[in-house]
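Before any comments, here is the structure.
The values are calculated or read from the model by the stated rules, or taken from the named source; none is laboratory data. Quick caveat: nothing in here was measured; it's all calculated off a predicted structure. As a convention, Cβ positions derive from the backbone with ideal geometry for all residues, glycine included, and neighbour counts pool all protein chains shown. Heavy atoms of the whole protein, side chains included, go into the accessibility calculation; ligands, DNA and RNA do not. Shrake-Rupley method; radii C 1.70, N 1.55, O 1.52, S 1.80 Å.
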Amino acid sequence: MRSLTLQSPAKLNLHLRVLGKRTDGYHELLTLFHRISLADTILIRKNPKGFKLTTNVPLLETGEGNLITQAYRALQKEFPKLGGVSVRLTKRIPLGGGLGGGSSNAASFLLGMKKLFGLRISKKELFSIGRKLGADVPFFLLEARQAVAWGIGDKLQKVPQGARLWFLLLLSDHGTNTKKVYQTLSWSGRPLSLTKERCIAKILRSFLERKRVREASVFARNDLEMPAFRLMPSLPKAKAVLKGLGAPFVLMSGSGATVFAAFSSRKEVFDLSKRLKEVPFPFRKVICHSY
């Protein structure tokens, strides 16, 4: 096998609670990851030596700051005789959208390299590399449709997805900065109970599994919405537009800047999309589903 083409899917956070702040400055989280059909494409070709990454997005860093490049360097440390590759990344997931695009790219690349070169590396070793690359990378390495994560996102439990859900995404090319969102987050009071929040997430999942989206929305929260809304005032406007049209479940994903509505059927999402004639600046709409 000389080359390999991979889909690199995005994720949504259907629930995200900030449980507390650690002494090292990181925040303890609990979140429900949900994989969706919006995806980038990665083409990996074997080369005699060297590494080259190209993309369809001119502004995207392709050097040492890119997670795919960092993933290749990490594999080189594990396998000093690793062959060279050229990588073509076709982006559809927006940068800084809270959809895990960069993390998904790194995870898909690691899995692709293992298959293309027949690397003798365990899941545990891949996860160790993934955690060093980014907090969301382990979820994509898990190759799960849905998972609950806690800690700083590094502890994962695969959970059943149930019925397919449909989503209307409002995407923006004006992404948020995750670090600034967390810096803007005002934290006071005692830490939230992980046990209690996992129970709440389980109730939320049980409603979604039965396509009872409106009931699930009662339990869904994203504690990063308020700081992201302060940094990007168009976000609460986008959320208000979707709610005003009667969308049953509306939330921001991750640290932004994607706002989404969840639906139980394809018909519902397309009906609302037709009624959403004017998308608030700087957003564009995309329809996708569980993947």
Taking region 1-55, which residues are at pLDDT 95 or above and of a type in the set (Lys, Arg)? Arg2, Lys11, Arg17, Arg35, Arg45, Lys46, Lys52
Among the residues of region 230-251, is there at least one that is touching a residue at least 60 places away in the same chain (Cβ under 8 Å), within 20 Å of Leu30 (Cβ to Cβ) and within 16 Å of the chain's Cα centre (by Cα)? yes
Those residues of region 73-100 which are within 22 Å of Glu125 (Cα to Cα) and either buried (at least 23 other Cβ atoms within 10 Å of the Cβ) or among the acidic types (Asp, Glu) (or both) amount to Glu78, Val85, Gly100
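Which of the helices (runs of 4 or more DSSP H) found entirely inside region 136-234 contain at least 2 residues meeting this: of a type outside the set (Phe, Trp, Tyr) and open to solvent by 30 Å² or more (accessible area, probe 1.4 Å)? Before the answer, list the steps.
Details: elements: 137-141, 178-184, 194-209, 213-217, 225-231.
Qualifying helices (runs of 4 or more DSSP H): 178-184, 194-209, 213-217, 225-231.
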If a residue must be of a type in the set (Phe, Trp, Tyr) and open to solvent by less than 50 Å² (accessible area, probe 1.4 Å), how many such residues does region 1-50 contain? 1
I need a count of the residues in region 262-286 that are over 19 Å from Thr176 (Cα atoms) and assigned to a strand (DSSP E or B). 2
Of all residues being part of a helix (DSSP H, G or I) and in contact (Cβ under 8 Å) with a residue 24 or more places away in the chain in region 54-72, which is surrounded by the fewest Cβ atoms within 10 Å (Cβ to Cβ)? Just the residue, please. Gln70
Within the bounds of region 123-132, is there any residue that is open to solvent by 40 Å² or more (accessible area, probe 1.4 Å), outside any strand (DSSP E or B), modelled with pLDDT of 95 or more and of a type in the set (S, T, N, Q)? yes
Taking the conditions exactly as written (under 20 Å from the mean Cα position of the chain (by Cα), of a type in the set (Gly, Ala, Ser), modelled with pLDDT of 95 or more and not in a strand (DSSP E or B)), does Gly112 satisfy them or not? yes
Can you tell me which residue is farthest from Phe167 (Cα to Cα) among those in region 235-253 that are assigned to a helix (DSSP H, G or I) and open to solvent by less than 10 Å² (accessible area, probe 1.4 Å)? Leu235
Could you tell me whether any residue of region 163-172 is of a type in the set (S, T, N, Q) and closer than 30 Å to Leu272 by Cα? yes
Filter result for Gly256 (in contact with a Ser or Thr (Cβ under 6 Å, 6 or more places away or on another chain) and either at positive phi or open to solvent by less than 40 Å² (accessible area, probe 1.4 Å) (or both)): yes
Are any residues in region 101-153 in contact (Cβ under 8 Å) with a residue 24 or more places away in the chain, of a type in the set (Gly, Ala, Ser) and either in contact with a Cys (Cβ under 6 Å, 6 or more places away or on another chain) or farther than 25 Å from Cys199 by Cα (or both), and if so, which ones? Gly101, Gly102, Ser103, Ser104, Ala106, Ala107, Ser108, Gly112, Gly130, Gly134
